Amino acid sequence: MAGAACDMKCILSHPAVSPRRYNRNMPPARQPRWYVVPLRVLLLTFLLTLLAFAVALLLGILGIVVSATLRGLHPNMTVAYRHIALPAALAAGEVALVVTTVLEVRNYRQARTLAQIARASR
């Protein structure tokens, strides 16, 4: 190539490509706190349940409106709340509670182990 003035050594010595060195001046790894796990589980469960309620309510309203339009009746929106959105949100909340508990406990145990390894390697 006529314009290539850089070889492989030049490319590998570039700061964006060169591997980062381990910084010994980094602050020590913090031990994860166990009391944060239930708070995160409850917060995520609440948010996922709320999201499931909103989506189920939207789909329930759309379904009831379409059904009422096809039948030529007035839609009864309380059915969307009581019989569609609430049971769907409760089921999604139970699933979210189990899944977030498993994931957060796994994350806590992994962070604790990594913090112990980082302390032992100093």
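Please treat every number below as a calculation from the coordinates, not as lab data. Model, not experiment: these values are computed from the prediction. Cβ coordinates were reconstructed from backbone atoms using ideal geometry, including for glycine residues, and neighbour counts include every protein chain displayed.
Brief remarks follow.
- Descending by average beta-carbon neighbour count within 10 Å, the peptides 64-74, 98-108 line up as 98-108, 64-74, the highest first.
- Distance in nm between pseudo-label sites at LEU51 and GLN31 (7 Å out along the Cβ direction from Cα): 3.3
- Counting 0.36 nm for each residue step from VAL79 to GLU94 and taking away their Cα separation leaves a gain of 3.2 nm.
- Put a dot 7 Å past the Cα of THR113, heading toward its Cβ, do the same for ARG40, and the two dots end up 1.6 nm apart.
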